[in-house]
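Here's the structure we're looking at; comments come further down.
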Amino acid sequence: MEDSKGKIGIKEFIAIIILTIGTKLTDDTTVILYKQMENAAWMSPFVICAFSILPIFLLIKVMNIYENKNLADVINQLFGRFFGFFTVMILWFLLFSALTIDSAVYTDIISTMYFEKTPVIMIYGLLMLVSAFGAKKGIEHIGSVAWSVIFWIKLSLLAALILTFMQGEILFLFPIFGNGAWEVVKESSLRTSLNAEFLYLGLIFPYLKNKKDYKKGTWIALAIITTELSFSLAAFIMLFDHKGIQLMDFPFHETIRYIEIGFLENIETFFFPFWLIASFIRFAFYLYLTAILFGSLFSIRNFEHLLPIIATLVVFLGIIPENPTFTIFKLRESLLFITTPIFIILPFLLWAAAKLKGEFKNEKAKASD
Amino acid sequence: MLGDLLKKAFSSNKKSNPFHEKSNKEEIQIKEQKIHSDLEYSMTIFKEIYSFPDNKDVKFRTFQIGGLKKQACLISISTITDIKLLDEYAIQPLLRNDNPSFSIENVLAVQALSTVEYNKDAIYEINKGNAVLFIEGYTKAYSITAANFQGRDVSNADNEIVLKGPKEAFTEKAASNISLIRKRIRDENLIVESAVISKRTKNELFIVYIKDLANKQLLDNIKKRVSSLNVDSVQNLALLEQHIEERKLSLFPSILYTERPDRASAFIEDGYIVLLMDNSPDSLVLPATFWSFFHISEDHYLRYIYGNFTRGLRMIAIFITLFSSSIYVGITNYHTEMIPPDLLLAISATREKVPFPAIIEVILMEFAFGLIREGGLRVPTPIGPTIGIVGALILGQAAVQANIVSPIVVIVVALAGVCSFLVSDISMNFAIRIIRFFFILSAGFFGFYGMTAVFTAGLFYIVSIKSFGVPYLSPMTPKYTSSKDTVFRRLLKNEIFRPGYVKPKDMKKT
Amino acid sequence: MKKQKHLIKMVCLILLVVSLGGCWDKKEIERNAYVVAIGLDKGKEASLKITYLISNPEYGSIQQGGSTNEPPVEIISFETDDLVSPLYKANAVIAKEISYNLMKNIIVSEKLAMEKEFIRWMYDTTKEKDIRRDTYLIFTKEDASKFILENQPKLETRANKYFEFIIRRGIATANIPDSTLHRYLRITEADADLFLGIYATTEHEDTDQSNKGDEIFAGQLDTTGKTNKTQFLGSTVFKEGMMIGKLTAEDTRISLLLSVAEKSPPMLISFPDPNKKEYRIAAKITQLKSPKVDLKMNNGISKVDVFLPIHMDILTDHAMENYAKDTQKREELKKYIENRFEKKMMKFVTRTQEEFKADPFGWSLIARKKFASLPEYKRFGWMQAYPQMDVNISVNITFGDFGRQSRLPKLEKVRD
């Protein structure tokens, strides 16, 4: 009747997206947004969302032509072997850098906010060990784990946000446009790659039980992520005001350090495990994606075996930067800028190539049969 | 070193038997033979096989059948046969008969009668407690069903106690166990298949399922696994469980072991397969998911709210058992800021004179509690309660007064201990108690970070294990159509689906 | 078999890693000395004199194996240059590792707070992991070290409890403002309003307070009996991170009432009876909504209109005027109080405009609403504009009940 062979359903799909992209609100991505937009940063998720609708739409259109091909295969098919290889290579490089930089940021968060004296390599090692273990279990299990914990993670986030709103001051959101309405649109558009993970989701397209879920899941997740990010950005401002928040390294963690519930004054350690679980799942998924891409680059079938190597490489690259909080922040910002045009243009190119090659007609012909 | 390796490499080619075993080829040959028409000859063989007269309870009753005027011999093992039944309904009718033309089948007034043609079948029947009638000139023998094994009567369930609902439990007799299930499911589609699973003892296994519900693939899988066992004897289901499970080293059980016929029947009705055996006051249900270990039958007997209340309590209890000690270790060593100030100072004050680090203190107490628990289990009933009191109260109190542990540790560990009893399934109970130590260690080394890492890795593991092809956390994830009976159950009128993951032939219950 | 070997290897590896792991951030709970409050003074040689108030966990504990005859707290003062390095320096004297986990109060002497350099040390607190932004800032008249020494709570066994209770209660009764590190940093960074800090002292000051009502500072409340010398009353005013003045209890309350950023707690006040000046009326005032502040900008001069709705319960009626019964008297009383409030508030606002040249009410937040973007708001420059503003306050009082038993007998009839 019902069978699941390494495939995921819509629930798991959405859970993965929310955990991978939604977790960004807890790291220094928020600071990148605050830096230019100050107290209007909460609007930028909507702008970013608006900018990413078209690329995602085109991507879904292209992906839906093919039944059992992932993004890398589609790129190879549409761009030909040479350009395809080149594009996939760039994609892989971007993903791998994102993985390295993000995991370094998370390690930095853990070591500055919670474990000051523990050597960074131990924290990093454990983070990657667990993530690689998870990634090795495959997409089905990443999805299952994501789905089984997402409720609790989001509940804890919701609790934190409600407490923040209660203790915050709504007047801090004014002047409403921060550095100016135009500024908000401009700066947000440059950071559209905040949603670049949606591009990479094409890689797990063949693993979906139902192909329609890809479309539906992507849109639902995009809506959830945008609201969630926007609310959090507003909440942090309401607590710290726009000046204070720019001085902070990790607003989310400062927030959970500040809020309190009744007699419990220091509750950040209640939120810490939930955040950690989300991070583990996030990096497990990143590692998995990196392995898929690498596998399809060099046509390695059992790409799961690459995971320990990739994870180790990430750890050793990630601990290189000295004074991680700032170096990595800079790196991350530049990475965001570099990724943005690719994220916006690539789906368009794919769509155009498909159109030229007449793939859409084939699809229609198939459908009418 | 190298020499050893070389030697090993060469010796592995030759098959040599390291044990000095006596060959019983001859005996096997005799057993394979057909029953001989010469009664005298057959009896000599059988007397030899059964070591008559050393073997005291094997009886050879020789007599002449009235009417037929033929010698006959009835072999039975008196301790496992109903002698009275044999005497009244088999021997007497045969003796008193004087009609020269009659068939044996019509004279024997017993319930079930079958014929056997081979010596080995005759032996099998005798060992099962039946009597076998050999008649001069016949190349077959009659097996008279008269087995009468000694055993307990049906009694109350000891381990899975409920306040509301049936109190019966399985006993060591498979026949009465099957009867208990049939009593609940009066359906001609309820099949009780039997299979012999061991070579020497010939233990018999009963596979119980409903024909038009149970998934064929699953059934074949189980049958294949059971028949491929290559062992001399499997005494009971507890041993069989370990033979047929997939992950023998896994912490988590993958087959449910229950002593309640009502529970077993409920599973059968959902399309699961139940195994029964003689000598086992219980049944095996497969496939099993995490939830089947978490649930007890009373959850459904209690009204909706009460049942879910106990479910909620049990879930919390599992969390307390798993995490209370490790949270204590994590907090006192790494995250002191999260405790309310007064409690922080109180813990600090009581720990002032304790000589051990918190983690050692906790492990010490956990160990002591484990000892008391295991000890209390083996103590003869009359002094059992005393041990409990001495262990828990006096020991804890004295340890605190002697400044070996702090009072808060006693509370934490005792709470975890008590909470662990809410999980009534013994396998899951062990699993949770062992996992607790992983958490304590990880908390000791890395605080909440370590605990979360272990938890996440554990979660990845638990979603990836399967019991007979069924994911462990289904139907929660991956999702299947089902009645959604996971942490909380739903109203009975809403529980209309059989669990999709066992792939029953009929999904809807209504 | 192979699998088992693999497993054993893995377990060994994990154990190895884990055993390498132990003990970096690990701190046994009883090996910490829990600092409840730190005192900051101007140092003689070094720039700062720091005082630690360390709580003794064993004191006052009745658990087995916990009670002791040791004193409740340990106090140590020494000179240093910043807030972080003394953590280790103190261990020359203190046997345990200093922990800021319970540190909820920073006590600063007035003298230090008035220094320009003060803000530098405050930013030290944002560097240290265990100092939290919800730490209370208390400013003392005398040296913080002396304050900590002299402060001897009578009934609160533990110092952390004492500070927690007295500050919470002080805020709830509006005797002192809610002054946390977070607010200090936030207001200083916003650079528009004034920050109010808690004012406290152990020094008693003999003043004639007969007619002063609530116009007193900490140390000016006459108390006799056998109790703690410490008083928490009034507030200190900070502009751009530096202390520039003090407010009495009454001014503190007014600034709370006029503040838009937070709701003020119910207050108990007293004022002379309009009809018989020798008697005073006690009343409880509750702020129903935060004041409605409206900012109007006309080239150059801006105008602020404040509308303050107050709910008032009259608690005593010593003049035996029976306000509950008489509508007209009530109306008169209402007018009188509204007038009195407006006058007092105006006086205070004028003082802030002239003396402090900034407002402690958070009105700049209202101004922010008027602008679409930050650059425009910055060009306007709230702090510079405030002293010239035309402020207009109107108070609207609604009466609640007049005590449990609202009517009183006619005094003449009782006395005949």
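Only the coordinates and a few stated rules stand behind these numbers; no lab work does. Worth saying up front: this structure is predicted, and the values here are computed from it rather than measured. Every residue, glycine as well, gets a Cβ built from its backbone with ideal geometry; the counts of neighbours run over all protein chains shown.
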Grab the eigenvalues of the alpha-carbon gyration tensor for the protein assembly as shown, scale each by 5, take roots, and send me the semi-axes largest first in whole angstrom.
77, 40, 31
Report the extension gain between A:N64 and A:F298 in nm, rounded to one decimal, defined as 0.36 nm multiplied by the number of residues separating them, less their alpha carbon distance.
81.8 nm
What is the distance in Å between the Cα centroid of segment B:41-82 and that of segment B:245-306?
44
On a straight-distance basis, which aspartates and glutamates could pair with B:K202 in a cross-link, Cα separation under 13 angstrom, same-chain partners fewer than 8 positions away excluded?
B:D121, B:E125, B:D232, B:D278
Rounded to the nearest 10, the angle in degrees between the Cα long axis of helix C:181-190 and the longest principal axis of the Cα atoms of chain C comes to 70
Enumerate the whole-percent occupancy of each 5 Å bin, from 0 to the last occupied one, for all C-alpha pair distances of segment C:29-247.
1, 7, 14, 20, 20, 16, 11, 7, 3, 1, 0
Shielding by partners, peptide A:274-282 (average Cβ within 10 angstrom, other chains)
3
For all pairs of alpha-carbon atoms in segment A:10-368, what percent lies in each bin of width 20 Å, listed from the first bin to the last filled one?
30, 59, 11, 0
For the pairs C:K263/C:K344; C:K26/C:K104; A:K11/A:K212, flag any whose C-alpha to C-alpha distance is greater than 18 Å.
C:K263/C:K344; C:K26/C:K104
So what is the calculated 222 nm ellipticity per residue for chain C, using -39500 (n - 2.57) for each DSSP H run with n of 4 or more, over all residues, to the nearest 500 deg cm²/dmol?
-8500 deg cm²/dmol
Roughly what angle does helix C:159-172 make with the longest principal axis of chain C, taking Cα atoms, 0 to 90 degrees, to the nearest 10?
30
Mean-square fluctuation check for chain C, GNM, Cα pairs under 10 Å: which of C:I166, C:I38, C:I310 is largest?
C:I166
Along the charge dipole of segment C:184-256, which of C:A218, C:T230, C:T188 sits closest to the positive end, that is, farthest toward it, with unit charges on the beta carbon of Lys, Arg, Asp and Glu (+1, +1, -1, -1)?
C:T230
Please report how far the C-alpha centroid of segment C:339-416 lies from that of segment A:266-340, rounded to the nearest whole angstrom.
55
Using the membrane-span-like helix rule (whole DSSP H runs, Cα extent along the own axis of at least 15 Å, mean Kyte-Doolittle hydropathy at least 0.5), which helices of chain A qualify?
A:10-22, A:44-63, A:71-109, A:120-136, A:139-167, A:268-297, A:307-318, A:324-357
Give, in whole angstrom and from largest to smallest, the semi-axes √(5λ) of the equivalent ellipsoid of chain B, with λ running over the eigenvalues of the Cα gyration tensor.
56, 28, 24
Inter-part distance where segment B:116-153 and segment B:428-504 are each reduced to a Cα centre, Å:
49
Before anything else, pin down the relative contact order of segment B:346-443: Cα pairs under 8 Å, at least 6 apart, normalised by residue count, whole percent.
37
Modelled label-to-label distance, C:N91 and A:K216, 7 Å Cα→beta-carbon offset: nm?
6.1
For B:L205, list long-range residues whose amide hydrogen, built 1.01 Å from N in the peptide plane, is under 5 Å from its own amide hydrogen.
B:A195, B:V196, B:I197
What helices does chain B hold that run 24 Å or longer along their axis, going by alpha-carbon atoms, with a Kyte-Doolittle average of 1.0 or more, using DSSP H for the helix calls?
B:358-378, B:426-464
Quick one: compute the contact order of segment A:34-171, relative version, from alpha carbon pairs under 8 angstrom and 6+ residues apart, as a percent.
8
Plugging the Kirkwood radius over Cα pairs into Stokes-Einstein for segment C:237-383, at a temperature of 10 °C and a viscosity of 1.306 mPa s, what D comes out in µm²/s?
91
Contour minus Cα-Cα distance for B:E193 and B:N24 (0.36 nm per residue)
57.7 nm
Out of all DSSP beta bridges in the protein assembly as shown, what portion is antiparallel? Express it as a percent rounded to 5.
75
Ranked from fewest to most other Cβ atoms within 10 Å of their own Cβ, A:S232, B:S78, B:S326 fall in the order B:S78, A:S232, B:S326
List B:R225, C:R158, B:R314, C:R168 from most exposed to least, where exposure is judged by having the fewest other Cβ atoms within 10 Å.
C:R168, B:R225, B:R314, C:R158
How large is the helix-only mean residue ellipticity at 222 nm for chain A, computed as the sum of -39500 (n - 2.57) over DSSP H runs with n ≥ 4, divided by its residue count, in deg cm²/dmol to the nearest 500?
-25500 deg cm²/dmol
Students often check this: by mean Cβ neighbours within 10 Å, which of A:145-157, C:243-255 ranks highest, and how do the rest follow?
C:243-255, A:145-157
Return one number: the angle in degrees, 0 to 90 and rounded to the nearest 10, between the long axis of the Cα atoms of helix C:327-351 and the longest principal axis of the Cα atoms of chain C.
50
Label-to-label distance, nm, for residues given as B:R182 and A:H305 (7 Å Cα→Cβ offset):
5.6
Report, as an integer, the average count of C-beta atoms from other chains found within 10 Å of each Cβ along C:365-378.
5
Go ahead and run the numbers for FRET between B:R200 and B:K466, Cβ-Cβ distance against an R0 of 35 Å, rounding to 0.05.
0.60
Roughly how crowded by other chains is peptide A:139-145, in terms of the mean Cβ count from those chains within 10 Å of each of its Cβ atoms?
6
Dipole magnitude of segment A:11-77 about its Cα centre (Cβ charges: Lys, Arg +1; Asp, Glu -1), debye to nearest 20
140
Chain C: relative contact order in percent, alpha carbon pairs under 8 Å with at least 6 residues between
12
Potential extension, B:D506-B:Y304 segment - 0.36 nm per residue separation minus Cα distance:
70.2 nm
Do the sum for chain B: with -39,500 (n - 2.57) for every DSSP H run of n ≥ 4, divided by all residues, what is the mean residue ellipticity at 222 nm, to the nearest 500 deg cm²/dmol?
-13500 deg cm²/dmol
Once R0 is set to 45 Å, what does the formula 1/(1 + (r/R0)^6) return for the Cβ-Cβ distance between B:A414 and C:D124, expressed as a FRET efficiency to the nearest 0.05?
0.50
Violating pairs (Cα-Cα greater than 26 angstrom) within the set C:K49/C:K378; A:K211/B:K503; B:K224/B:K248; C:K357/C:K378
C:K49/C:K378
Which order do the peptides A:272-283, A:201-212, B:482-493 come out in when sorted by mean C-beta neighbours inside 10 angstrom, highest first?
A:272-283, A:201-212, B:482-493
Considering chain C as a Gaussian network with a 10 Å cut-off on Cα pairs, which listed residue, C:W382, C:W24, C:W363, attains the greatest mean-square fluctuation?
C:W24
Filter B:K164/B:K466; A:K209/B:K505; A:K136/B:K508 down to the pairs with a C-alpha to C-alpha distance above 26 Å, please.
B:K164/B:K466; A:K136/B:K508
Listed with the fewest Cβ neighbours within 10 Å leading, B:E366, A:E116, B:E32 appear as B:E32, A:E116, B:E366
Cα→Cβ-extended label distance, 7 Å offset, between C:L315 and C:R351, nm
2.3
Using a Förster distance of 45 Å, how high is the FRET efficiency between B:D98 and B:K224, based on the Cβ-Cβ distance and rounded to 0.05?
0.25
GNM flexibility winner over chain A from A:L194, A:L158, A:L222 (Cα, springs under 10 Å):
A:L158
